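A.B. asks: Sharing a structure, written as structure tokens. Questions coming.
The values are calculated or read from the model by the stated rules, or taken from the named source; none is laboratory data. Please read these numbers as outputs of a predicted model, since none were measured by experiment. Cβ placement follows ideal geometry from the backbone for every residue including glycine, while neighbour counts extend to all protein chains displayed. What goes into the accessible areas is simple: the full protein's heavy atoms, side chains included, and nothing from ligands, DNA or RNA. Shrake-Rupley method; radii C 1.70, N 1.55, O 1.52, S 1.80 Å.
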Amino acid sequence: MSNRIVVPFGPQHPVLPEPIHLDLVLEDERVVEAIPTIGYIHRGLEKLVEKRDFKDYVLIAERICGICSFTHSVTYCNAIEQIMGIEVPPRAQFIRTIWMEYSRMHSHLLWLGLTADAMGFENLFMNAWRLREEILDDMEATTGGRVIQGSSKVGGIRLDIPDEKLGEMVDHLKAIRPRLEESNRIFTHDQTVRHRMRGLGVLTKEEAWDLGAVGPVARGSGCDMDVRSSGYSAYGELGFKPITLPHGDCLDRCLVRSQEVLAAVDLVERAVAKMPDGPIEEKVKGNPDGECFAFTEQPRGECMHYVKANGTKNLVRHRVRTPTLTNIPPLVKMLAGIELADVPVVVLTIDPCIGCAER
Amino acid sequence: MSYITKSPWVIHYDGSSCNGCDIEVLACLTPLYDLERFGIVNTGNPKHADVFLITGGINEQSRAVVKNTYDQMPDPKVVVAVGICAATGGVFRECYNIMGGVNEVIPVDVYVPGCAARPESIIDGVVRALGILEEKRAKMAENGGDKK
Amino acid sequence: MIVQKHTIIEIPVTELLKKTEEYHAKGHRLVQIGCTPLGDRYEINYTFTTSYDFESLRLTVHDDDIIPSISDTYWGAFIYENELHDLFGFTVTGMNVDFKGHLFETSVPTPFKNMPSVTIVPKGGDKK
Ligand code: SF4
């Protein structure tokens, strides 16, 4: 009879800077069960709505997580705008979309780098992060911030991107596109990558749907699920199509992200081509009264902000359901049956963002 | 920087940050900024480390870990608090689970401003910390290898 | 502006399990479980969807009410139900994975719980 032992994994994570803890029940080298524990960086920021003006709270919503920062602020703004019936001007919607796609590129490149690092593929890691710096350069030039932008606000955006700059951004993306394609090619065809990830941590389509997987985890399992298809912000006008892959293993989850970087480049190019003129914000009068569930697609998946307001300047409740939180049950399923040495790679493929999950 | 006689090792811990500062710390290690050109190596073991980089404010759970890591580091050692959260608690100061900046738990030598702190300022902070480290080392040598 | 469709259906706690099973049978996925403290009561929203139109079941509950777990139907629900327990102080019965209050460890126990209402009792002997 084989022995069962429990191996703690984390909280000082070997591949991630953030603390996540897993208790792995092992039978020899095989994982039988995994029990996650989070809560190391719980801040309790949802409670801050009671102390902050709903307009100032955008900045706190943005700091739920430093990687999906911009998408968080847009989701929050969408919720307030829906409650108050604010019609955001089209130019603001388009520019928001451009910034959201930029944050998707930077987040996915960051993740691709970390994954390469977890596989011991140092060269690819450095390459992905160098590409990411180029994306961040444009982000910084247009918003002033590299990872925290603070450029979205209730009713629109804080700053416009001049048309010449939009042209420069497209030129820059054109220039780095071959390098992004090269990196995508390596992830698709390289022997080392395939060897480490093909057939590992399989999640079938049914399991993914049933366990509530979202984002690249669901799309890597063949579920056609991407909130961008619902057409919020400017996505409805850009002819957006989700990327799905059928195998449900680590490699497909990885390739979904790698291909989404290229798709994001396309979306930005299309958004710039269609960019409308006009104002960038709508005046906000009064206080919100009512409730709204707003959904957006973050780099990590579907994110929900629930806002309930009672007509005063402080909200009653702000609840954030982030993609990492719903992706934990699928992760537990994926971990069962794999070998201990593969655990870091599998954990990474849900792109855990603990700052988000714990708020 | 001729005064750096050894290659200083850095340990990084995430108190309860939003990740913004964390990824900027990581970005410092990548090709564009490349902290390693100063001979700085990122380690996971507190016993090997000279410089303690902390991002994010201190909450109930990270308090003990931060204190513990600090105590395990050999003298001389310096602490760099990266970002506004690590300095005061930042935007999360009034959250029920945040106790405040890193100085609530351990003494801090260098505060790096910014939300998120920029890689340039983080590198600047670390290089300044190395100066302080050197001073501490000299002081220790005067006292025959003892602290103070 | 695209308004995302969201239907809210109010149900009593006793119908929760039956309703969630219906959703499961119809092929809905569980989007989230979220709770809103409202001073003297709480609202719990169970959100389901098959596409991008969402539906929520809404329970109205009070302190110390017991909530049955839906983790038999939706295996992944445990993460939200533990959150209900840790942050709001509800008892959720029959969870498949029970963290026993260790999912979120906070400095204040159950920080989102409603403040107990204070009734000021006149001091004895205050009568003239
Ligand atoms: S200082 Fe700002 S970017 Fe850094 S951890 Fe705090 S909130 Fe995040």
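A.B. asks: Could you work out how far the C-alpha centroid of the range B:20-39 sits from that of the range A:240-285, in angstrom?
C.D. replies: 28 Å
A.B. asks: Distance in nm between label sites at C:LYS19 and C:LEU38, each 7 Å beyond Cα in the beta-carbon direction?
C.D. replies: 1.3 nm
A.B. asks: Taking the 0 to 90 degree range and rounding to the nearest ten, how far is the long axis of helix A:323-335 tilted relative to the main principal axis of chain A, both from C-alpha atoms?
C.D. replies: Approximately 10 degrees, to the nearest 10.
A.B. asks: In the range B:9-142, with Lys and Arg counted as +1 and Asp and Glu as -1 at Cβ, which of these residues, B:GLY44, B:GLN72, B:ASN103, has the Cα nearest the positive end of the dipole, that is, farthest along it?
C.D. replies: Among B:GLY44, B:GLN72, B:ASN103, the one farthest towards the positive end of the dipole of the range B:9-142 is B:GLN72.
A.B. asks: Another question, then. Averaging sequence separations of C-alpha pairs under 8 Å and six or more residues apart, then dividing by the length of chain A, give the relative contact order as a whole percent.
C.D. replies: The value is 26 percent.
A.B. asks: Using the crude model of +1 on Lys and Arg Cβ and -1 on Asp and Glu Cβ, and no other charge, please compute the dipole size for the range C:6-76 relative to its Cα centre, in debye to 20.
C.D. replies: It works out to roughly 280 debye.
A.B. asks: Go through B:LYS47, C:LYS19 and list them by solvent-accessible area, largest first, probe radius 1.4 Å.
C.D. replies: B:LYS47, C:LYS19
A.B. asks: Can you give the charge dipole size of the range A:38-80 about its Cα centre, rounded to the nearest 20 debye, using +1 on the beta carbon of Lys and Arg and -1 on the beta carbon of Asp and Glu?
C.D. replies: Charge dipole, the range A:38-80, about its Cα centre: 100 debye, nearest 20.
A.B. asks: Take the solvent-accessible surface of the protein heavy atoms, probe 1.4 Å, and return the percent of it on the protein assembly as shown that carbon and sulfur atoms account for.
C.D. replies: 52 percent
A.B. asks: Another question about this same structure. Considering chain A as a Gaussian network with a 10 Å cut-off on Cα pairs, which listed residue, A:ALA118, A:ALA336, A:ALA141, attains the greatest mean-square fluctuation?
C.D. replies: Taking springs between Cα atoms under 10 Å, the residue moving most is A:ALA141.
A.B. asks: Within a 10 angstrom radius of each residue's Cβ in A:232-239, how many Cβ atoms of other chains show up on average? Whole number is fine.
C.D. replies: Counting other chains' Cβ atoms within 10 Å and averaging over A:232-239 gives 1.
A.B. asks: Continuing with this model, one more query. Most mobile of A:ASN78, A:ASN127, A:ASN310 per a Gaussian network model of chain A (Cα springs, under 10 Å)?
C.D. replies: A:ASN310
A.B. asks: Moving to a separate point now. What percent antiparallel are the DSSP beta bridges of the protein assembly as shown, to the nearest 5?
C.D. replies: Given both bridge residues lie in the protein assembly as shown, the antiparallel proportion sits at roughly 70 percent.
A.B. asks: Return the single residue from A:SER152, A:SER230, A:SER69 with maximal mean-square fluctuation; model: Gaussian network over chain A, springs between Cα atoms under 10 Å.
C.D. replies: Top of the fluctuation ranking is A:SER230.
A.B. asks: Take every residue in peptide B:34-41, count the Cβ atoms of other chains within 10 Å of its Cβ, and give the average of those counts.
C.D. replies: Mean shielding count: 0.
A.B. asks: Here's a follow-up. How much accessible area per residue does the range A:87-193 have, counting only protein heavy atoms and a probe of 1.4 Å, in square angstrom?
C.D. replies: Using a 1.4 Å probe on heavy atoms only, each residue of the range A:87-193 averages 33 Å².
A.B. asks: May I ask for the angle, rounded to the nearest 10°, between helix A:163-189 and the longest principal axis of chain A, with both axes built from Cα atoms and the value confined to 0 to 90°?
C.D. replies: It is inclined by approximately 10 degrees.
A.B. asks: Consider all pairwise Cα distances in the range A:244-359 and report the whole-number % of them above 26 Å.
C.D. replies: Result: 44 percent of Cα pairs exceed 26 Å.
A.B. asks: Here is a follow-up. How long are the three semi-axes of the equivalent ellipsoid for the protein assembly as shown, computed from the Cα gyration tensor as the root of 5 times each eigenvalue, in whole Å, largest first?
C.D. replies: Those come to 36, 31, 28 Å.
A.B. asks: Could you pull out which residues in the range A:179-212 have an amide N less than 15 Å from a spot 7 Å beyond the Cα of A:ARG30, following the Cα-Cβ vector?
C.D. replies: Label zone hits: A:201-202.
A.B. asks: How big is the C-A contact in terms of buried accessible area, both chains counted, 1.4 Å probe, rounded to the nearest 100 Å²?
C.D. replies: 3700 Å²
A.B. asks: Same structure, new question: Mind checking which of A:VAL265, A:THR322, A:LEU24 is farthest towards the positive end of chain A's charge dipole, using Cβ charges of +1 (Lys, Arg) and -1 (Asp, Glu) about the Cα centre?
C.D. replies: A:THR322
A.B. asks: Sticking with this structure for a sec: Do any of A:LYS308/C:LYS26; A:LYS47/C:LYS18; A:LYS174/A:LYS205; A:LYS153/A:LYS313; A:LYS47/C:LYS19 go past 24 Å between their Cα atoms, and which?
C.D. replies: Beyond 24 Å: A:LYS308/C:LYS26; A:LYS47/C:LYS18; A:LYS174/A:LYS205; A:LYS47/C:LYS19.
A.B. asks: What translational D, rounded to a whole number of µm²/s, comes out for the range B:53-107 from Stokes-Einstein when the hydrodynamic radius is the Kirkwood one over Cα pairs, at 37 °C and 0.692 mPa s?
C.D. replies: 295 µm²/s
A.B. asks: Which is farthest toward the positive dipole end of the range A:45-198 among A:LEU166, A:ILE98, A:GLY113, measuring Cα position about the Cα centre, with Cβ charges +1 (Lys, Arg) and -1 (Asp, Glu)?
C.D. replies: Of the listed residues, the answer is A:GLY113.
A.B. asks: Where does helix A:69-84 land angle-wise versus the long Cα axis of chain A, in degrees 0 to 90, nearest 10?
C.D. replies: Taking Cα atoms only, the helix is inclined about 50 degrees.
A.B. asks: I've got another one for you. Taking the alpha-carbon distance from B:LYS67 and a cut-off under 14 Å, which aspartates and glutamates remain once sequence neighbours fewer than 8 residues away in the same chain are dropped?
C.D. replies: Qualifying aspartates and glutamates at Cα under 14 Å: B:ASP14, B:GLU104.
A.B. asks: Under 8 Å for C-alpha pairs, at least 6 residues apart: give me the relative contact order for the range B:9-142, rounded to a whole percent.
C.D. replies: That works out to 27 percent.
A.B. asks: Using the 2.2 N^0.38 Å rule of thumb for compact globular proteins, work out how the range B:9-142 stacks up: its C-alpha Rg over that value, please.
C.D. replies: After normalising by residue count via 2.2 N^0.38 Å, the value is 0.99.
A.B. asks: Any idea how far apart A:GLU182 and C:ASP63 come out in nm if each label point goes 7 Å out from Cα toward Cβ?
C.D. replies: About 6.5 nm, to one decimal.
A.B. asks: Relative to the isolated chain, which residues of the range A:43-66 have their accessible area cut by 50 Å² or more in the presence of all protein chains (1.4 Å probe, heavy atoms, no ligands or nucleic acids)?
C.D. replies: Going by heavy-atom accessible area, the residues of the range A:43-66 that drop by at least 50 Å² are A:ARG43, A:LYS47, A:ARG63.
A.B. asks: What size of dipole, in debye to the nearest 20, comes out for the protein assembly as shown about its Cα centre when the only charges are +1 on Lys and Arg C-beta atoms and -1 on Asp and Glu C-beta atoms?
C.D. replies: 1020 debye
A.B. asks: Using only atoms on other chains, find how many Cβ atoms lie within 10 Å of each Cβ of peptide A:326-332 and report the average.
C.D. replies: Average neighbour count from other chains, rounded to a whole number: 4.
A.B. asks: May I ask you to compute the full-extension gain from A:LYS241 to A:ASP171, defined as 0.36 nm times their residue separation minus their alpha-carbon distance, rounded to one decimal in nm?
C.D. replies: Separation in residues times 0.36 nm, less the Cα-Cα distance, equals 22.8 nm.
A.B. asks: Suppose we take every Cα in the range A:4-358 and form the convex hull; what volume per residue is that in Å³?
C.D. replies: Residue-normalised Cα hull volume stands at 121 Å³.
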